[in-house]
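Just so you know, all these numbers are worked out from the coordinates, no wet-lab data involved. Not measured: the values here are computed from a predicted model. Backbone-built Cβ (ideal geometry, glycine too); neighbour counts: all protein chains shown.
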Protein chains: 2
Amino acid sequence: MRRSERLVAMTDYFKENPYTHISLPFFVKWFGAAKSSISEDLDIIDAMFEQLGIGRLQTSAGAAGGVRYIPDYDMELSKEKIDEIIELLEDPQRILPGGYVYMSDLLGDLKQLRIIGKMFGAAFKAYDVDYVVTVATKGIPLAYAVADVLRVPVVIIRRDPKVTEGSTVSINYVSGSSRKIQTMVLSKRSIKENSNVILLDDFMKAGGTIHGMVSLMNEFNATVKGIGVLAEAEDDEEDRRVDDYISLLKFQEVNEREGRIQVARGNYFE
Amino acid sequence: MRRSERLVAMTDYFKENPYTHISLPFFVKWFGAAKSSISEDLDIIDAMFEQLGIGRLQTSAGAAGGVRYIPDYDMELSKEKIDEIIELLEDPQRILPGGYVYMSDLLGDLKQLRIIGKMFGAAFKAYDVDYVVTVATKGIPLAYAVADVLRVPVVIIRRDPKVTEGSTVSINYVSGSSRKIQTMVLSKRSIKENSNVILLDDFMKAGGTIHGMVSLMNEFNATVKGIGVLAEAEDDEEDRRVDDYISLLKFQEVNEREGRIQVARGNYFE
């Protein structure tokens, strides 16, 4: 197979298998090419991935040597893309009764969602994570987009137990904003003991939900390595029960009467 | 930029933007290369994608000419991969009290989930779809995996209305297996009138949930172009309320007492 063909096949393979260790003999056998040719291919791909701002190939030498694709997402590109999302969100027609903001279409738009996933993937790329954990329902798309980049399993906490989950662990927690008591349930077999996890949710006000998720992770002896929220409400900052997190967006003002939404970049960009 | 570099960048671009029309001048400008060189690049990529069984580039001539990547997933490869999933599922430890089967880990495993998404993407690739529609909670990962391939928005039907959805349309329906009355709710602004949709769910027994989804789509004047379920229960075939659907897996037997699960390929492979 010619170099040009190999480069197409290898680029596809790396994009389908991020964070996966691939031995050089695997490529040698697949393409019937010399190891030196494969090494040159890898150099070309690595240089191009770097130029595109989408990550690097990490090579390791020795008997167990090989290569891994570590995805990244360039900070300049991230700023440009988040500003496009901010513009979408500042549409006054998104304001719902009670000062809520309609965001479901954004989380349903695969193009935007993939970009959001890449940003969190870049933010958490050094964390050595075993699971991405979220809570039903709105956090699920976000968690999948991030897990697709970090290539670890998604674990979904539910609000109610379901028979198809098997035996579960549940906790009660106080919702930060409404002060209501709520429940979270997670299947016992979903997380192995002593795992490293990242918590993700679409929106954080006072942080009660995230706080509940942290408590539930304690029950599984899991270590919370990072917390990510797509958007936070700036005016709840003082009462917040969680302080170490990454946000991509900040809702600064939602004025229902005057039909005005003001959104800024989140703390990831500070 | 050299051909080898262009091929890496273009392969990445097509994989990030399936079903998206890209004009040749876009590539000409990006790479500072002649149109004839770009055309040769496209031929190389198209031939390699075909060989890999991951789809084709569709070129159109004329003033509005350009190229689109239509993903596919080879049937032989699909059979091989579904058999691997069947082997995972036939583990007796998955049997839950009541004869249910634990599948949450499969839907949380991005590698498997992406493959499942590619199979449905191939099954529905000729359908000209506007939305992929599912119902919370278990269907969500599946819907995202398919929408990622078809590159259309995901719409999530909920069991309960939520304030952040705005005004909603709801229907009541009778669950096929338990004969209980249940509710489905969908935000009014989630689907445009006269859209084409695909319905997806993780599991189908008597088909009550899918039947409910079809009724709800009628309220939005949407046309259901296709129905996909990851797994169906074979013993409920007679009572089934839905007959035109694609399944990837069939549960033939779940014997709780003897600890035996028997799973076969679904009707997609027939």
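Can you give the % of DSSP beta bridges in the protein assembly as shown that are antiparallel, to the nearest 5?
Bridges in the protein assembly as shown that DSSP calls antiparallel: roughly 55 percent.
Mind checking the mean number of beta-carbon atoms from other chains within 10 Å of the Cβ atoms in B:37-47?
Mean shielding count: 2.
Once the Cα atoms of region B:3-71 are picked out, what are the Rg and Dmax in Å?
Reported Rg and Dmax, both Å: 11.0, 31.
Would you calculate the volume per residue, in Å³, of the smallest convex hull containing every Cα atom of chain A?
Cα convex hull per residue, to the nearest whole number: 153 Å³.
Net charge near A:Asn255: determine it from the other residues with C-beta under 15 Å of the C-beta of A:Asn255, scoring Lys and Arg +1 and Asp and Glu -1.
-4
Would you calculate a helix-derived [θ] at 222 nm for the protein assembly as shown, using -39,500 (n - 2.57) for each DSSP H run of n ≥ 4 and dividing by the full residue count, to the nearest 500?
About -11500 deg cm²/dmol.
With a 10 Å cut-off between alpha carbons and a GNM built on chain A, which of A:Val28, A:Val185, A:Val197 moves the most?
Result for chain A, Cα springs under 10 Å: A:Val28 fluctuates most.
For the protein assembly as shown, with equal point scatterers placed on the C-alpha atoms only and solvent neglected, what are the log10 I(q)/I(0) values from the Debye formula at q = 0.06, 0.08, 0.10 1/Å, to two decimals?
Once normalised to I(0) and log-transformed, intensities are -0.30, -0.54, -0.87.
Go through region A:52-86 and name the trypsin sites (Lys or Arg not before Pro) that are in a DSSP coil and have 10 or fewer other Cβ atoms within 10 Å of their Cβ.
none
Which one, B:Phe120, B:Ala143, B:Val169, is farthest towards the positive end of the dipole of region B:69-177 when Lys and Arg carry +1 and Asp and Glu -1 on their Cβ?
Going by the Cα projections, it comes out as B:Val169.
Taking region B:62-214, how many lysine pairs are there with alpha carbons less than 13 Å apart, if each pair must be eight or more places apart or span two chains?
4
Averaged over peptide A:108-121, how many Cβ atoms belonging to another chain are found within 10 Å of each residue's Cβ?
Across A:108-121, the average partner-chain Cβ count within 10 Å equals 3.
As an exercise, identify the chymotrypsin sites (Phe, Trp or Tyr not before Pro) in region B:77-158 lying in DSSP coil whose Cβ has no more than 15 other Cβ atoms within 10 Å.
Those satisfying the criteria are B:Tyr127.
DSSP loop (so not H, G, I, E, B), at most 15 other Cβ within 10 Å: list which GluC sites (Glu not before Pro) in region A:166-239 pass both filters.
Sparse-neighbourhood loop GluC sites (Glu not before Pro): A:Glu193, A:Glu237, A:Glu238.
When the Kirkwood radius is taken over all Cα pairs of region A:70-216, what Stokes-Einstein diffusion coefficient follows at 4 °C and 1.567 mPa s, in µm²/s?
Reported coefficient: 78 µm²/s.
Given labels modelled 7 Å from the Cα in the Cβ direction, how far is it in nm from A:Ser178 to B:Asn218?
About 3.3 nm, to one decimal.
Taking 7 Å along the Cα-to-C-beta vector as the label spot, tell me the B:Asp91-A:Glu256 distance in nanometres, rounded to one decimal.
About 4.9 nm, to one decimal.
Whole angstrom only: what separates the Cα centroid of region A:69-108 from the Cα centroid of region B:232-266?
One Cα centre to the other: 41 Å.
From the label point of A:Ser167, set 7 Å from Cα along Cα→Cβ, how far away are the matching label points in the other copies, in nm, ordered shortest to longest?
Ordered by distance, the counterparts are at 5.0 nm.
Using a 7 Å offset from Cα along the direction of the beta-carbon, what are the separations from B:Ser36 to the same position in each other copy, nm, ascending?
From this label point to the equivalent ones elsewhere in the assembly: 3.4 nm.
At a threshold of 8 angstrom on Cα-Cα distance, excluding pairs fewer than six apart, so keeping six or more, what relative contact order does chain A reach in percent?
Taking the mean separation of contacting Cα pairs over the length of chain A, I get 15 percent.
Peptide A:188-195: average number of partner chain Cβ atoms within 10 Å per residue?
If you average over the peptide's residues, the count of other-chain Cβ atoms is 1.
Could you go through region A:68-77 in sequence order and give the Karplus-derived ³J(HN,Hα) for each residue, using 6.51 cos²θ - 1.76 cosθ + 1.60 with θ = phi - 60°, rounded to whole Hz, and x for Gly and Pro?
My calculation for region A:68-77 gives 10, 8, 9, x, 9, 8, 3, 5, 5, 4 Hz in order.
Determine Rg/Rh for region A:1-116; Rg is computed over alpha-carbon atoms and Rh is the Kirkwood hydrodynamic estimate from the same atoms.
In region A:1-116, Rg relative to Rh is 1.18.
Any lysines with Cα under 25 Å of the A:Lys35 Cα? List them, leaving off those in the same chain fewer than 8 positions away.
A:Lys35 reaches A:Lys15.
Along Cα→Cβ at 7 Å, what distances in nm separate the B:Thr20 label point from those on the other copies, shortest first?
2.3
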